[in-house]
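Input: a single structure, listed below in structure tokens.
The values are calculated or read from the model by the stated rules, or taken from the named source; none is laboratory data. Since this is a predicted model, take the numbers as computed values, not measurements. For neighbour counting, all protein chains shown are included, and Cβ atoms are generated from backbone atoms with ideal geometry for every residue, glycine included. Accessible surface is based on the protein model in full, side chains and every heavy atom, while ligands, DNA and RNA are left aside. Shrake-Rupley method; radii C 1.70, N 1.55, O 1.52, S 1.80 Å.
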Amino acid sequence: MAIRLGSSCMNCDNMMSDSMCKVHGVKVASHYTCDHFEMKAELADHRDCTSCQRYERDDCANPAKASPGMMCSVWAPREFRA
């Protein structure tokens, strides 16, 4: 089975700013995709300490170094569920 992180509604050109799909007229989320998927021309890469679930928490692996613009090998997205 191939794992494709890029083929989700979050990276689709049909998703509007309010998370509504232009094609289907429904609210979508990052774990959705469909056969009408059209890749955005440019993907945004906002991964750093400030977008990490563990930023400024006790379970941060590098609390002394964690800061905007930095990233570590244990980065976890805000939607992370432990």
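Summary table below
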read-out: Residues that are open to solvent by 80 Å² or more (accessible area, probe 1.4 Å) and either among the small types (Gly, Ala, Ser) or modelled with pLDDT under 85 (or both), drawn from segment 45-59; value: ASP45, HIS46, ARG47
read-out: Among (1) in contact with a helix residue (DSSP H, G or I) (Cβ under 9 Å, 6 or more places away or on another chain); (2) modelled with pLDDT under 90, the one test that GLU42 misses; value: (1)
read-out: Failed criterion for ASN62 (all others in (1) at pLDDT below 90; (2) open to solvent by 50 Å² or more (accessible area, probe 1.4 Å) hold); value: (1)
read-out: Condition check for ALA29: out of contact with any His (no Cβ under 8 Å at 6 or more places or on another chain), under 30 Å from MET70 (Cα atoms) and open to solvent by less than 100 Å² (accessible area, probe 1.4 Å); value: yes
